[in-house]
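The values are calculated or read from the model by the stated rules, or taken from the named source; none is laboratory data. Nothing here was measured: the structure is a model prediction, and the numbers come from that model. Glycine also receives a Cβ, built like all others from the backbone with ideal geometry; neighbour counts cover every protein chain displayed. We work out accessible area using only protein heavy atoms, side chains counted, and drop any ligands, DNA or RNA first. Shrake-Rupley method; radii C 1.70, N 1.55, O 1.52, S 1.80 Å.
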Amino acid sequence: MAPPEALDVTVQQRSLLTASTRLAAENRANTIAQYVEIHGPLDARALEAAAQHVIAQTDALRVRFVERDLVPRQEILPRLRWRLPVVDVSGASDPEAAAAEWADAEHRAPIRPGDSPLFSTALLRLGADHFRWYLRFLPMVMDAFSAGLLLHRVAEVYAAIRAGAEPGPNPFRPLKALHEELADYRASGQYAEDRAYWRRRLADAPAPVRLGSDRADAEATTGIGLQPPAPHRINAIAQAAGTAWPDLILAVVAAHVARERAAEVVTLTVPVSNRLTPLARSVPTYLANRYLLTVPVGPDTTFHHLLRRTAEDNRADVAHQRLPCEQVLADLGDRGTLYGGGDPSVNITPFHTELTLPGCTTAVHQHRRMGATGFDLFAAGAPDASGLRISLVMLAAPGDRHLVLAQEERLMRLLAWVVDHPNRPLREAGTP
């Protein structure tokens, strides 16, 4: 039998691999998880067959991480054997609570990077026509963009199986092809240009302003979620500034952090999908990156002005998102050690989060995320802001969840105020 195809570990994967290995050695949770809420007459066998078909064609989900001559590598196994277990909690007095309890327990079990497979999945039955398809994996295997590719392809194949049709050709490109494209980028003039851009951009950036507890026993704590203003109001304010709702969320978080810490410049960590080429958009794997967005926030600035400035700077930064943030921080020397740990993070996913399963309605939900930087805001919704959901995860000491809820409340009030008063100075925020 031929040996498995082996590839290098990317710069983005390396730090995640180190963290996952450490957490697994400590027998602590080291995966990210999500589930698809499904209402309708789901065919469990067809879903399993569809998932097996797609995973067999997805290089990243057949990977295991090994060390060869003290160098981490990822090996692509030719095949996997796995099943989709069905967990029936419909008989519980509260099936939703029972499903959440099962998922919490499952999430606590670490997956070791040398294991195979590097994912875990199950179908939870909450009622006759109510299911949750649960899926978790090591973070360096799949990012959010890739998970979306995977879920939508499974839905396509499921529909074909149910219709008795062929699922069509595999839309995913080989992982090796993406690695070759990354090598070409590192050898290109664009790589050197990106490095020079970030050195200039962050030359005078101040130390990050941080929120969240720095106690050793602090844990990632989730709030109850923010209820944003009506989508048409958010869109109107964003469009008046010549931009869209993701930039509005970035500007609001910058204004909030500035108010919390009396700062006039805020540095936000902004995760991005990093899918700038057709090939990159067709390979499920971990390719996500992050960049540092510095936002000046003066008290006499109006939100409209802040939003326009944020959008302008963000567009420039996004154009240079391919350079791994690890390289950006290394190029900053000693100053680079100040960033990327606890700075406020804003993770925005403005893409569709529903699947098309014949006869069913669906919604995709995050269940657990790996760790927290201190203050992590997650915003997901359609491009027109419909279905916008905002959640906050902060590091908080045990028993201090009320501090997270209070932080959410202040942020929500600010969001509502700037939408109502975009042309008033931010120092007036909260006034009628």
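For the reader, a short list of remarks on this structure follows.
- Subset tally (residues that are over 30 Å from Gly168 (Cα atoms) and aromatic (Phe, Trp, Tyr)) for segment 57-102: 2
- Inter-residue pairs, beta-carbon under 9 Å, first free of Cβ contacts under 8 Å to residues at least 12 places away in the same chain and buried (at least 18 other Cβ atoms within 10 Å of the Cβ) and in segment 314-334, second assigned to a helix (DSSP H, G or I) and among the basic types (Lys, Arg), 6+ apart: Leu329/Arg335
- All positions within segment 279-303 that are outside any strand (DSSP E or B) and under 30 Å from Val257 (Cβ atoms): Tyr286, Leu287, Ala288, Val297, Gly298, Pro299, Asp300, Thr301, Phe303
- Among the residues making up segment 143-186, a single one is in contact with a Phe, Trp or Tyr (Cβ under 6 Å, 6 or more places away or on another chain) and closer than 16 Å to Ala33 by Cβ: Asp143.
- For segment 79-133, the candidate set comprises residues that are aromatic (Phe, Trp, Tyr) and surrounded by fewer than 19 Cβ atoms within 10 Å (Cβ to Cβ); within that set, the residue that is nearest to Gly40 (Cα to Cα) is Trp102.
- Identity of the residue in segment 146-169, of a type outside the set (A, V, I, L, M, F, W, C) and open to solvent by 60 Å² or more (accessible area, probe 1.4 Å), that ends up farthest from Ser273 (Cα to Cα): Gly164
- Helices (runs of 4 or more DSSP H) contained entirely in segment 161-264, each with at least 3 residues that are closer than 30 Å to Gln327 by Cβ and among the small types (Gly, Ala, Ser): 189-201, 245-261
- Selection within segment 389-432 - in a helix (DSSP H, G or I), touching a strand residue (DSSP E or B) at 6+ places or on another chain (Cβ under 6 Å) and open to solvent by less than 30 Å² (accessible area, probe 1.4 Å): Val404, Glu408
- Pairs linking a residue in segment 116-139 that is free of Cβ contacts under 8 Å to residues at least 24 places away in the same chain and under 10 Å from His39 (Cβ atoms) to a residue that is open to solvent by less than 10 Å² (accessible area, probe 1.4 Å) and assigned to a loop (DSSP other than H, G, I, E, B), with Cβ atoms under 8 Å and 6 or more positions apart or on different chains, do not occur.
- Exactly one residue out of Thr267, Thr277 is surrounded by 19 or more Cβ atoms within 10 Å (Cβ to Cβ) and either within 18 Å of Ala406 (Cβ to Cβ) or not acidic (Asp, Glu) (or both), and it is Thr267.
- Flag for Glu67 being under 28 Å from the mean Cα position of the chain (by Cα) and open to solvent by 40 Å² or more (accessible area, probe 1.4 Å): yes
- Being open to solvent by less than 30 Å² (accessible area, probe 1.4 Å) and under 25 Å from the mean Cα position of the chain (by Cα) holds for only one residue in Glu26, Glu37, and it is Glu37.
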